[in-house]
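A short write-up of the structure that comes next.
The values are calculated or read from the model by the stated rules, or taken from the named source; none is laboratory data. The structure displayed is predicted, hence computed values, not measured ones. Cβ placement follows ideal geometry from the backbone for every residue including glycine, while neighbour counts extend to all protein chains displayed.
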Amino acid sequence: MTTARLPAFLRAGHVSHCKRCLTGLPSSQMDHDGGRLGIGFYCLGTMDLLGSLQDQPEFDRESWKEWLWDQQTHGECGSGFRPSPFMTANHSEDEIIECTKYDSPHVIMTYTAILSLAMLRDDFTKLDRAGLTTLLRSCQREDGSFSTVPGGGETDLRTLYCAFAISSMLNDWSGIDVDRALRFVASCKSYEGGYGQSSFCEAHGGITYIALASIYLAPTHLSAKYLPTLTEREQTIRWLLSNQFQSGGFCGRTNKVADSCYCFWCGASLKILGASEFFDATAMASFLATCQFKFGGISKHPGEHPDPYHTYLSIAALSINPPSLDPLDPNSETWKLEPLDPLLNAKLSTAAWIRKHVPAASD
């Protein structure tokens, strides 16, 4: 592990970038407007990781919470959060709207909404917990995977992870068949050591994180037979380590270029496997420093425009695997972050808030 001096981490600029994106997406990001709730998660998550979210004006924090709750939708398929209000007509604050096929709850966006509300320290009195378990039950398929929305949509390990994370946050696994889901996870293992989006797909850094986090999130008595063996663990670690470039960045697939988001996906995977000491976290931070935009935000590659997704995941990567810096370096303080829970993808204090407030109150 190297020790280095790095340029300042532009904390204030990264917060400003995300606040701007919460107000209105730049033209380069407008194609993501249909998933606005996900963008909100990355922006709020960045501010949460940098310790600035609770310092924002109370009016802003309350308005963000109100907007998030406006995306909660209900129907026969269960309850959850829609990706964006763009297909939803205006309605009064007290009116309960039944979802349609155009704005049904979305499993991935429901996961991001719960985390976002926890970052804002909501008390979750409005959360339809029974509806969430109904949603998950209606989205699980025969092969154990999950569709993003009831009756259709994408189906791969990303949605399965979100279903597991929601169940873990609720402390209620009654909405899913865990054993069947974990069999699907096992079927996605690649010969390289990583996991693909579905059976027989190429190993992918992001999906490998999702597979591992899903296995370790599941109740121990259900996941025990699916935990990696020593040989499987070593194979996965070897593949993840091979994805780090001399620049310090990670790629997500074999023979691809380094990309800032994979510093989280691969680094978090190594953390889950207890193998963080085997890669160079300081070199990774050096690579991420080159991806900073001078006016705030972090880009996919050095010299490109920043976006909330790569900004959040880069900071999350540093939170999980911090660099080893020269204590005499005046910039070292700018790189210090609160540790992250690698399974839920939330900082430890936010994860603690979730564990206390999201499960149903016991009698």
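Annotations
- Within segment 258-297, the set of residues being farther than 27 Å from S16 by Cβ, of a type in the set (A, V, I, L, M), in a helix (DSSP H, G or I) and touching a helix residue (DSSP H, G or I) at 6+ places or on another chain (Cβ under 7 Å) comprises L270, I272.
- The single residue among S269, S260, S214, S276 that is more than 30 Å from H305 (Cα to Cα), surrounded by 14 or more Cβ atoms within 10 Å (Cβ to Cβ) and modelled with pLDDT of 95 or more turns out to be S214.
- Some residue of segment 62-82 being within 24 Å of the chain's Cα centre (by Cα), surrounded by 20 or more Cβ atoms within 10 Å (Cβ to Cβ), modelled with pLDDT of 75 or more and of a type in the set (D, E): no
- Checked against (1) in a helix (DSSP H, G or I); (2) of a type outside the set (A, V, I, L, M); (3) surrounded by fewer than 24 Cβ atoms within 10 Å (Cβ to Cβ), T254 passes all but condition (1).
- Breaking point among (1) crowded, with 20+ Cβ neighbours inside 10 Å; (2) in contact with an Asp or Glu (Cβ under 9 Å, 6 or more places away or on another chain); (3) of a type in the set (D, E, K, R), for D122: (2)
- Criterion: farther than 27 Å from G131 by Cβ and at pLDDT below 85 - qualifying residue of S52, S28: S28
- Scanning segment 298-333 for residues that are part of a loop (DSSP other than H, G, I, E, B) and either touching a Pro at 6+ places or on another chain (Cβ under 6 Å) or at positive phi (or both) returns a single hit, G303.
- Only listed residue being surrounded by fewer than 18 Cβ atoms within 10 Å (Cβ to Cβ) and either modelled with pLDDT of 95 or more or outside any helix (DSSP H, G or I) (or both), chosen from L222, L160, L182, L241: L241
- Applying the condition of being in contact with a His (Cβ under 9 Å, 6 or more places away or on another chain) and surrounded by 15 or more Cβ atoms within 10 Å (Cβ to Cβ) to segment 98-112 and asking which residue is modelled with the highest pLDDT yields P105.
- Within segment 130-146, the set of residues being touching a residue at least 40 places away in the same chain (Cβ under 8 Å) and assigned to a strand (DSSP E or B) comprises Q140 only.
- Residues of segment 304-327 satisfying the condition of being over 25 Å from F278 (Cα atoms) and out of contact with any helix residue (DSSP H, G or I) (no Cβ under 8 Å at 6 or more places or on another chain): E304
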